[in-house]
Amino acid sequence: MSATVKEELSEPSEAEEMIFRIVEAAQDGIDMDAITLMTPVLKVIDRQVAINSLLSSKRLIISQAMGGILRLKVNTNTQIAGSPEEQALRDGSGLAQLQLRKVLKTLETKKLIKSVKAVGTTKKCYMLFDLEPDMELTGGTFYSDQQLDSELINALINVSTHYVQDRHKQAVQSYPDNDQMQREMSYVRPQEIADYISEKKILNVPLKLEDLQKILDIAIVDGSIERRADGKLRASLMVKQPSALVSIPCSVCPVVEDCRPGYVISPETCEYMTQWLDAAQQI
C-alpha cells in the first residue's frame, strides 16, 4: 500500500500540488530544507522538476529573506499577460459566439491572426499573425506543446552543477595552499555557464541568460549551488543541515491554532509531525 502511495505522489501534477499547498500555508514563504522534510515521499528529481514547473508557470516565486535565505512564496500576481481570449473579444465586439468564431476562422485562414494556448489552460488566445507570443503564454524555453520538458530541465541543472564543481576542483589544484584563492577562483559568472552550454550544443535553440537564471535558481534553492551578492556562483561545499526548530511542520500548519493534545487535531495523530520526527532522527 505504501509503495502505491509513493508512486502516485511522484506524478508531476500531484507533486506540484503538494508543494504548492505547503508553500501556500506558509505566509512568509518557506525554504527548501523545510519543503524537503515535509515531502519525504518525493524523489529529489521529482521535487526539483515540480518546483521548477511552479516557478515557470509563476504560481510560485523566489524571495530573499533576512540573512540571504531564499524562500519560495506564492505569487499573488496571478494575472497572465498576453493576448485576448475569445470571451474578451466577444465582450468587446458585441458579436454573438457563432458570428465571432466565423470571423476568427476567416482571419486565421487569411493568416491575419493566429491562436495560441496558454500554459496551464485549454483556452485559446488570439494575436496578430506576425507577432510572437509572450513567454508567459508559451512557458518559454522549457515548455514544448504546453508540456514542461522535465528531461531538459534536469539536464541543464546537472550540467550547471557539474560546471561549477569542476571549477572548484581546478581552483583547489591550482592553489593547494591558499584557501582564499581557492574560494575566489571557484566562483563563475552565469554567462560562463551559458557559454559552456551553447558550446556543447546541449540545446537546439539559443539559451537566454534569463532562462538559465531560472535553472540556477532551482539549483540554489536545492543547495547544490550558492550565489554571492555580486551574482557569481560556486558549488556548495557542504550539505546544509536544517535546524529542527526551523523546519518543524507546526510553523507552517494552517490549523495549528486548533491543535491540542488529545483533540481531533493533535500532535499525536499528525502525519506531518510523525514524518518530521522520523527525518529529524536521521540528521
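The values are calculated or read from the model by the stated rules, or taken from the named source; none is laboratory data. Treat the numbers as computed from the prediction; the structure is a model and nothing was measured. Methodologically, a virtual Cβ is constructed for each residue, glycine included, from the backbone with ideal geometry; neighbour enumeration extends over all protein chains shown.
Does Lys124 fit the bill of being farther than 19 Å from Lys214 by Cβ, of a type in the set (Lys, Arg) and at pLDDT 85 or above? Write out each step before concluding.
Values: farther than 19 Å from Lys214 by Cβ: yes; of a type in the set (Lys, Arg): yes; at pLDDT 85 or above: no.
No; evaluated as a whole, the condition is false for this residue.
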Problem set entry | In the stretch 150-168, the residues that are out of contact with any Leu (no Cβ under 7 Å at 6 or more places or on another chain) and either closer than 15 Å to Leu237 by Cα or basic (Lys, Arg) (or both) | Thr161, His162, Tyr163, Gln165, Asp166, Arg167, His168
Problem set entry | Meets criteria (among the hydroxyl-bearing types (Ser, Thr, Tyr), surrounded by 11 or more Cβ atoms within 10 Å (Cβ to Cβ), more than 25 Å from Ser56 (Cα to Cα) and modelled with pLDDT of 90 or more) for Tyr175 | yes
Exercise. Pick from the stretch 1-27 the residues that are in contact with a helix residue (DSSP H, G or I) (Cβ under 9 Å, 6 or more places away or on another chain), farther than 15 Å from Tyr272 by Cβ and not in a helix (DSSP H, G or I): which of them is modelled with the lowest pLDDT?
Worked result: Ser10
